[in-house]
Ligand SMILES: Cc1cc2nc3c(=O)[nH]c(=O)nc-3n(C[C@H](O)[C@H](O)[C@H](O)COP(=O)(O)OP(=O)(O)OC[C@H]3O[C@@H](n4cnc5c(N)ncnc54)[C@H](O)[C@@H]3O)c2cc1C
């Protein structure tokens, strides 16, 4: 299908992009890798009057260290995230989960910032950002502000970004020494998750001292399995992990679609949490 007509601009700096967005208000859309926005335009599910293509803004790209945090530019592609040595060293969970996103063609165009700004609960990276306690830095007409991931995902395909704000970078606290694993259940390779579980584990004495568990596709937003996280603290054998994982679906309201019923998704959340935590803890 052919998208509806729109104005197009391609700024070369964040300031220029923010000025373009401020002028157009709710009628503008940011274009990054286009892997989610272009299908929406082609299907005529989005009707922006202005598309602000941020694909040529160098300051939005790349990975750097800033003390205890890793800072990843919003325009960094999935392919770059998977292969970046700093991401692999300090946020291995993100590299591992990103490698499961779609196929190589999509990973070469799609961006970390686009995946988070799109706020699709079926996307793999929002739940990973939650588990990692990431912070999202956004620029708008009033300057920059930082939004914790737990406040960023507001509803289905809705984030805390205002229409005139641009996501510029993602800050991830380094979790050196923590075990991690992303367990994704999908019907065929290189496709969306029916359910995914992102687990981060601080290990102690062969067991779990502390755990963080993010859930993909278990409601209108990505979620943290907070009850399971509490029960995982101190789990010292695989039976204790399995008991705690039984709480993973607590408080979730997953959707019904052609792939799965809500009950099946809740079953998957429990099973995948057990597997992900056992692997992250080195107990699998
Ligand atoms: C065939 C296919 C399979 C896929 N499979 C998976 C999968 O298995 N798992 C998965 O997680 N994802 C999957 N995706 C989605 C993919 O990860 C996209 O890359 C991602 O959803 C959007 O990133 P993008 O850079 O292409 O964003 P775009 O499509 O350019 O933008 C997406 C949305 O985010 C907004 N946006 C983008 N960047 C910014 C920014 N810097 N600031 C503010 N707003 C911004 C746009 O305005 C738009 O609303 C798939 C996509 C395709 C086409």
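The values are calculated or read from the model by the stated rules, or taken from the named source; none is laboratory data. Keep in mind it's a predicted model, so treat the numbers as computed, not measured. Every residue, glycine as well, gets a Cβ built from its backbone with ideal geometry; the counts of neighbours run over all protein chains shown.
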#### Entry: Some residue of segment 207-230 being in a helix (DSSP H, G or I) and in contact with a helix residue (DSSP H, G or I) (Cβ under 6 Å, 6 or more places away or on another chain)
yes
### Query
Does at least one position in segment 255-267 carry a residue that is in contact with a strand residue (DSSP E or B) (Cβ under 7 Å, 6 or more places away or on another chain), over 25 Å from residue 177 (Cα atoms), buried (at least 16 other Cβ atoms within 10 Å of the Cβ) and not assigned by TED's automatic domain parsing to the domain that holds residue 90?
yes
### Test result for residue 235, more than 16 Å from the ligand (Cβ to nearest atom), in contact with a strand residue (DSSP E or B) (Cβ under 9 Å, 6 or more places away or on another chain), under 25 Å from residue 151 (Cα atoms) and outside the structural domain of residue 11 (by TED's automatic domain parsing)
no
#### Entry: Positions within segment 190-208 being within 11 Å of the ligand (Cβ to nearest atom) and crowded, with 24+ Cβ neighbours inside 10 Å, in sequence order
193, 196
#### Entry: Matching residues, segment 174-184, being in contact (Cβ under 8 Å) with a residue 40 or more places away in the chain and either within 12 Å of the ligand (Cβ to nearest atom) or out of contact with any helix residue (DSSP H, G or I) (no Cβ under 9 Å at 6 or more places or on another chain) (or both)
182, 184
### Segments classed as strands (runs of 3 or more DSSP E), wholly inside segment 65-165, with at least 3 members that are more than 8 Å from the ligand (Cβ to nearest atom) and touching a helix residue (DSSP H, G or I) at 6+ places or on another chain (Cβ under 9 Å)
69-73, 135-140
### Query
Which one of the conditions (1) within 11 Å of the ligand (Cβ to nearest atom); (2) more than 17 Å from residue 9 (Cα to Cα); (3) in contact with a strand residue (DSSP E or B) (Cβ under 7 Å, 6 or more places away or on another chain) does residue 40 fail to meet, given that it meets all the rest?
(3)
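Okay, residues lined up against (1) in contact with a strand residue (DSSP E or B) (Cβ under 6 Å, 6 or more places away or on another chain); (2) farther than 19 Å from residue 159 by Cα:
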residue	(1), (2)
28	yes, no
45	no, no
58	no, yes
66	no, yes
75	yes, no
85	no, yes
106	no, yes
121	no, no
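Can you tell which of 188, 128, 154 is modelled with pLDDT under 95 and not assigned by TED's automatic domain parsing to the domain that holds residue 37?
Being modelled with pLDDT under 95 and not assigned by TED's automatic domain parsing to the domain that holds residue 37 holds for just one of 188, 128, 154, which is 188.
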### Among the residues listed as 138, 101, the single one being buried (at least 21 other Cβ atoms within 10 Å of the Cβ), farther than 17 Å from residue 35 by Cα and outside the structural domain of residue 187 (by TED's automatic domain parsing)
138
### Query
Given the conditions (1) more than 19 Å from residue 276 (Cα to Cα); (2) buried (at least 18 other Cβ atoms within 10 Å of the Cβ); (3) touching a residue at least 24 places away in the same chain (Cβ under 8 Å); (4) more than 13 Å from the chain's Cα centre (by Cα), and given that residue 80 satisfies all but one, which numbered condition is not satisfied?
(3)
#### Entry: Conditions (1) away from the ligand (no atom under 13 Å from the Cβ); (2) within 30 Å of residue 174 (Cβ to Cβ); number of the one not met by residue 55
(1)
